[in-house]
Amino acid sequence: MKSLFHLAIHVTDLDEARRFYGGVLGCAEGRSTDTWVDFDFFGHQLSLHLGTPFPTTRTGRVGPHMVMMPHLGVVLRLPDWLALADRLQAQGIAFDIPPVIRFEGEPGEQRTMFFFDPSGNPIEVKGFADFDGLFAS
């Protein structure tokens, strides 16, 4: 059974979050109040609430990279990942880890990129040519 996730995180400014998640990432806005807003985050429910974001540290070793922990992520089909990477680059998004191929030629080969939302929440977007490789070992 495939399911959808729901994640609620803090942001410091809802208007800035709307511009980023809606305008930059292209996520459709759902319900909202004056203290939170929901987004369709690539088919999943992401709720952004006013508050202090989680503290993060660069403690996740993945291949040659030390990645921010915790982080929010999504896995896209490769054509969608490529289109999003192009859109983010065209909009001048500063990448923490620019678009790169990880585990090239190995099981689980993927594309990845890391960036931050305006509140400092780290986001990873992975791209797979074949979703069967998602849990490959």
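The values are calculated or read from the model by the stated rules, or taken from the named source; none is laboratory data. Not measured: the values here are computed from a predicted model. Positions of Cβ are backbone-derived with ideal geometry, glycine not excepted, and every protein chain shown enters the neighbour counts.
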Residues (of a type outside the set (Phe, Trp, Tyr) and under 25 Å from Ile97 (Cβ atoms)) located in segment 19-39:
Arg19, Gly22, Gly23, Val24, Leu25, Gly26, Cys27
Identify the residue in segment 91-126 that is modelled with pLDDT of 95 or more, among the hydrophobic types (A, V, I, L, M, F, W, C) and not in a strand (DSSP E or B) and, among all such residues, is nearest to Ala17 (Cα to Cα).
Ile93
Subset tally (residues that are closer than 15 Å to Pro99 by Cβ, outside any strand (DSSP E or B) and touching a residue at least 12 places away in the same chain (Cβ under 8 Å)) for segment 65-86:
6
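Residues are listed down the side, and each one gets a yes or a no for (1) acidic (Asp, Glu); (2) more than 19 Å from Gly133 (Cβ to Cβ):
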{"position": "Met66", "(1), (2)": "no, yes"}
{"position": "Met69", "(1), (2)": "no, yes"}
{"position": "Gly73", "(1), (2)": "no, no"}
{"position": "Leu78", "(1), (2)": "no, no"}
{"position": "Asp86", "(1), (2)": "yes, yes"}
{"position": "Val100", "(1), (2)": "no, no"}
Closer than 24 Å to Leu84 by Cβ and touching a residue at least 40 places away in the same chain (Cβ under 8 Å), is that true of Gly60?
no
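When segment 52-64 is examined, which residues are found to be in a loop (DSSP other than H, G, I, E, B) and either touching an Asp or Glu at 6+ places or on another chain (Cβ under 9 Å) or surrounded by 14 or more Cβ atoms within 10 Å (Cβ to Cβ) (or both)?
Matches in segment 52-64: Pro53, Phe54, Thr56.
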Where a residue in segment 93-106 is surrounded by fewer than 14 Cβ atoms within 10 Å (Cβ to Cβ) and its partner, wherever it lies, is among the hydrophobic types (A, V, I, L, M, F, W, C), with Cβ under 7 Å and at least six apart:
Ala94/Phe115
